[in-house]
Amino acid sequence: MSRTFLVFTSITVVIAACALVVVAYAHIPADQIAPGVHIASVDLSGMSREAAVTAVSALARDLESSKFTLQYVPNAGGHEYSWPFTARELGVSVNVDATVTKALETGRDGAANRVSEILHGKAETRIVGPVSNIDSEAMRVSLKKIAHVINRAAVNPRVSVNDAGVFTCGHGKPGVMMDIDACAAAVTASWTRRMEGHEEESGAKDTAANSARTSGAQNSDNSNSKDNSTSVAVVTHDVEPNVTPDDIAKIDGAIGEMKTRIRGTSQRVRNVTIATQHINGTLLPPDGIFSYNKIVGRRSEEGGYQKAIVFVKGRHVEDVGGGICQTASTLYNAVLKAGLKVIRRQPHCTPVVYVPYGLDATVAYGAVDFQFQNDSAFPVYIYARAKGRSLTFRLYSKSDAGRKVVLEKVKQSTSPNGVTVVQDKTLAPGKRVVKDKGARGYHIVWRRTIIESGKPPRSETITSHYRPISEIVAVGPGAQTRPLAPVQAPSGVAPLLSPHNPVRGPGVSPQPIAPGI
């Protein structure tokens, strides 16, 4: 056999094979799915795009209505929790158009395989997984619905201190936090396996990454195979208390203290006492933020609060919880002297006299809060006591003999309040009655300086502005109603409610309180 003949024969075979491939592809139009192509368990061989969309849509409805059961068993044992969801409720679905496009593109490459299929008269089965849509936000919303049942905050050691400053400390308790991200990953992985047809009919158990622990849930006796649902173990993490007994042992003294005198009605005293009891014993870890409204809560009659005088737009009115601002202001002064960071503080509309002018703090639940941060490296314990007419706030932490806090008033100016005259037909002709004394305005600036060994001093200014509130005078018929000139104090004479003298360090001397907040 000559070499020329062999070459000719080889070329002929190649040309014939190519011809077969061309013929084979000629039988698969562009809008028709190749033989042997399956989406999961659905055979789409030879279907047009329209027919494939109908078939894949039916598959999508089945997959999206399939069930997932999230299961959780606490580490300590006890009741097993389970929550059923459909795939769609968990934010996972099938992208029908993308899936059909993927099917149309399958089986159109690999000439050798196509020739083999044609020669043997049988198309190779090609299983293609559906294309997924993952709505991460919808998934997180569903997972968060069960997180509030699972999550349990860690409990810090119970700490108490007596009047002599002696501490006793119990033991804390770890908490549990649901790992939303890890649970979402487990659900997504389970969905992917189901889409690819890799899950057994009896369901599968999905576990977490090595760094996290699962709840240890097991399939219950009422087997998930009955409804072909998939069990996914909820992933949780232990949350340790942010304060330990060792941290408490480092507390060795008071770092800031303020005392004020409670006066006014018995209802006001009661309100101050209740608020103080809520605050007493608060343990603030390093970087922790104290929120007055969060700790004290809503002031309501159900909570034991009674009506007493409060300021509303500068006027004295009665409202439930009147007087509790004295606890906020007293604590604020203790915080200032402890050198801690003040996050949020708002002065009253007019100065109060139970703390130095310009160093008060008002609160209103849902509107105005007092907040400070423990920006030290040690926990801070708040001792609060209302005993009789005496109110004490004392902050304990790791003391530093080389640290000093200086508070000094650097500026104070006043502005007179006018007099508003109103007609009152119930009064005798020409008679005048003062309905509200009002208050003069103040602009006060304090400076707080924190001095620490080996560090440059740190200073900040505390500015409080109080607008003047006009005096209200009612007059009987026939009396003059034009505005009266404001009453000016003679030069060098202090106003009736005299501002306190500048204060340095811990030696603040509280002044008697007038009835009010």
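Restricting the search to the stretch 306-358, which residues are outside any loop (DSSP other than H, G, I, E, B) and β-branched (Val, Ile, Thr)?
Result: 309, 310, 312, 317, 320, 327, 330, 335, 342, 343.
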Inset, instruction - Please tell me if residue 234 is surrounded by 15 or more Cβ atoms within 10 Å (Cβ to Cβ), over 30 Å from residue 185 (Cα atoms) and of a type outside the set (D, E, K, R). - result: no
Legend entry - Subset of the stretch 54-92 (residues that are in contact (Cβ under 8 Å) with a residue 40 or more places away in the chain, under 30 Å from residue 34 (Cβ atoms) and surrounded by fewer than 16 Cβ atoms within 10 Å (Cβ to Cβ)): none
Inset, instruction - Could you tell me which of the residues 147, 138, 182, 189 is closer than 30 Å to residue 37 by Cβ, of a type outside the set (D, E, K, R), assigned by TED's automatic domain parsing to the domain that holds residue 236 and modelled with pLDDT of 90 or more? - result: 189
Inset, instruction - Please find, among 159, 128, 166, the residue that is without any contact (Cβ under 8 Å) to a residue 12 or more places away in the chain and hydrophobic (A, V, I, L, M, F, W, C). - result: 166
Inset, instruction - Determine if the stretch 393-412 includes at least one residue that is over 26 Å from residue 252 (Cβ atoms), of a type in the set (S, T, N, Q), in contact (Cβ under 8 Å) with a residue 60 or more places away in the chain and surrounded by 14 or more Cβ atoms within 10 Å (Cβ to Cβ). - result: yes
Inset, instruction - Kindly indicate which of 310, 320, 352 is surrounded by fewer than 23 Cβ atoms within 10 Å (Cβ to Cβ), aliphatic (A, V, I, L, M) and either in the same structural domain as residue 465 (by TED's automatic domain parsing) or over 20 Å from residue 408 (Cα atoms) (or both). - result: 320
Inset, instruction - Scan the stretch 427-447 and report the pairs whose first residue is at positive phi and whose second residue is of a type in the set (Asp, Glu), with Cβ atoms within less than 8 Å and a gap of 6+ or a chain change. - result: 438/471
Legend entry - Selection count, the stretch 51-91, where residues are outside any helix (DSSP H, G or I), under 15 Å from residue 192 (Cα atoms) and aliphatic (A, V, I, L, M): 2
Inset, instruction - Kindly check whether there is at least one residue in the stretch 258-277 that is crowded, with 17+ Cβ neighbours inside 10 Å, in the same structural domain as residue 389 (by TED's automatic domain parsing) and on the phi > 0 side of the Ramachandran plot. - result: yes
Legend entry - Scope the stretch 442-464; condition surrounded by fewer than 18 Cβ atoms within 10 Å (Cβ to Cβ) and touching a Pro at 6+ places or on another chain (Cβ under 8 Å); matching residues: 449, 450, 451
Inset, instruction - Could you tell me which numbered condition residue 303 fails, if it satisfies all but one of (1) modelled with pLDDT of 90 or more; (2) of a type outside the set (Asp, Glu); (3) not in a loop (DSSP other than H, G, I, E, B)? - result: (3)
Inset, instruction - For the stretch 288-347, name all the residues that are of a type in the set (D, E, K, R) and more than 24 Å from residue 372 (Cβ to Cβ). - result: 301, 302, 307, 313, 315, 318, 319
Inset, instruction - Kindly check whether there is at least one residue in the stretch 358-366 that is surrounded by fewer than 24 Cβ atoms within 10 Å (Cβ to Cβ), farther than 20 Å from residue 406 by Cβ, of a type in the set (Gly, Ala, Ser) and outside the structural domain of residue 160 (by TED's automatic domain parsing). - result: yes
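The values are calculated or read from the model by the stated rules, or taken from the named source; none is laboratory data. Quick caveat, the model's predicted, so the values are computed rather than measured. Every residue, glycine among them, receives a Cβ derived from its backbone with ideal geometry; neighbour counts consider all protein chains shown.
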